[in-house]
Amino acid sequence: MLILSKIISIFLNPLLWIVIVLIRGVCTKNERRKKRCYTTGIIMLLFFSNSFILNKLIMAYQPERYELRKNETFSAGILLGGFAGMNKRDHQTYYSDHADRFIQAAELYKTGHIKKIIIAAGDASILDKNDFREADFARQQLINLGIPAADVFADRSSRNTAENAANAKAIIDSMHFSPPYLLITSALHMPRAQRTFEKAGLQIQAFPCAFQVTPMEKYAFADYFIPSGGTIKTWSFFLREIVGVMAYKITGRG
């Protein structure tokens, strides 16, 4: 399933679709078909690079921010990985644009909303295996921030969301933490993650963060009419989550 998901994710890229359509237009000798391919490619490019369209879709999909009550506490917060990685050139670890996951988990502990932190983050690579484990890195960073080592648990072997849920549950069961548990992950990933963890038998309160899109009072001219390369990239993440939700439903994992 891991290998299959990696293969599918390669093709969930609108830019690849556009290139394939345009290449077909270049290669065909039929003028009518050539014109149709070029027209389709341009329409696809304008659609998938339009920030306004994608922002509206993401806003409808991702959950709203969860506001914790002043004295609301949880026995454990489950922090999902995907916010840091090692650079192979200098062998240093850097945070990604999903680093808000880590920040929120640390802040939730410091403010007393969660008593323990479970980090679910292994190595999802298939061919290029290495010794880096995001959970180990995150655990050490939390300890460096003054959080006691006894309050931080690491699942360093999970490779996908389903394994995150299963391994986190094993830690929770072994430590007898009382439900519910605060699930901390990016807002775009939360719908699939919450379903998966609940399917694994965990009582979850979603705490989405690292929002891809936040509510806007108004849109600028560029959002409606100026193509954005970054928007095309974001489409890939959005499509992976949509397909991931469907795949997890079909396989009974979420």
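We did not get these values from a lab; they are worked out from the coordinates using the rules stated. Since the structure is predicted, the reported quantities are computational estimates derived from the model, not experimental observations. Heads up, the Cβs are rebuilt from the backbone with ideal geometry, glycines too, and the neighbour counts pull from every protein chain shown.
Remarks
- The stretch 77-209: Lys pairs at Cα distance under 17 angstrom, eight or more positions apart or on different chains: 4
- Descending by average beta-carbon neighbour count within 10 Å, the peptides 237-248, 202-213 line up as 202-213, 237-248, the highest first.
- Calculated FRET value between Leu46 and Arg89, using beta carbons and R₀ = 25 Å, to 0.05: 0.10
- When the convex hull of its Cα atoms is projected in every direction, mean area for the chain (nm²): 16.8
- Paired Rg and Dmax values of the stretch 105-183, which use every Cα atom, in angstrom: 13.0, 41
- Dipole-positive endmost among Leu145, Tyr95, Gly25 within the chain (Cβ charges, Cα centre): Gly25
- Normalised by residue number, the volume inside the convex hull of the Cα atoms of the stretch 77-209 is 104 Å³ per residue.
- In the chain, the DSSP beta bridges split such that about 20 percent are antiparallel, to the nearest 5.
- For Lys233, the aspartates and glutamates whose Cα falls under 14 Å of its own Cα, not counting residues fewer than eight places away in the same chain, are Asp97, Glu241.
- When you count the other C-beta atoms within 10 angstrom of each residue and take the mean per peptide, 86-99, 167-180 line up highest first as 167-180, 86-99.
- Compactness ratio for the stretch 162-254: Cα radius of gyration over 2.2 N^0.38 Å (N = residue count) comes to 1.37.
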